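To start, the structure under review is shown below, and the notes come after it.
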Amino acid sequence: MKNNTSVVRIEELHKQKTEVEDDIKRFEAQLKVGVDPDIDEADPGLTLQTVTVALLRNARRKIESIERALAQVKTGRYGICEICGQAIAPERLEIFPQSTLCVSCKSKQEAKNGRYRAAYSVVCAA
Ligand SMILES: [Zn+2]
């Protein structure tokens, strides 16, 4: 499956990977500045730190999925669901080029990991 569309998506994956890696560096730098053992409990910095930790966690998860998708590119299985082996809908790959699961398998997985879902959609919608 080496048509123009998949070439564009693979480029998009590399681009996103660089962007997310930059985000991770930025969040890590913010956290280093933010970590203060004498921090007052009412300090608004604490909230910011909590948000940054959540964003960092999401960014790391995103890097993981991008890397998985890129690994699939190498094995020629990009665009094929890891669980059921069906082709992932092109519309889905357009929005999330890092998808390694079809909509049906992904929603089953998200139902299992329900507590991560809210934070994940916030980041993806940005
Ligand atoms: Zn599937």
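The values are calculated or read from the model by the stated rules, or taken from the named source; none is laboratory data. It should be emphasised that the depicted structure is a prediction, and the values quoted were computed from it without experimental measurement. Glycine gets a Cβ as well: all are built from the backbone with ideal geometry, and neighbour counts include every protein chain shown.
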Within region 78-92, restricting to residues that are away from the ligand (no atom under 13 Å from the Cβ) and assigned to a helix (DSSP H, G or I), the one that is surrounded by the most Cβ atoms within 10 Å (Cβ to Cβ) is P90
Taking region 61-77 and keeping residues exposed (fewer than 14 other Cβ atoms within 10 Å of the Cβ) and more than 19 Å from C105 (Cβ to Cβ) leaves K74, G76
If you check Q30 against the conditions, is it within 16 Å of the ligand (Cβ to nearest atom), crowded, with 17+ Cβ neighbours inside 10 Å and modelled with pLDDT under 95? no
For region 6-35 the number of residues that are in contact (Cβ under 8 Å) with a residue 12 or more places away in the chain and in a helix (DSSP H, G or I) is 17
Next item on the list: Answer yes if at least one residue in region 107-115 is at pLDDT below 95 and aliphatic (A, V, I, L, M), and no otherwise.
Entry: yes
TODO: State yes or no: is V20 over 13 Å from the mean Cα position of the chain (by Cα) and at pLDDT 90 or above?
DONE: no
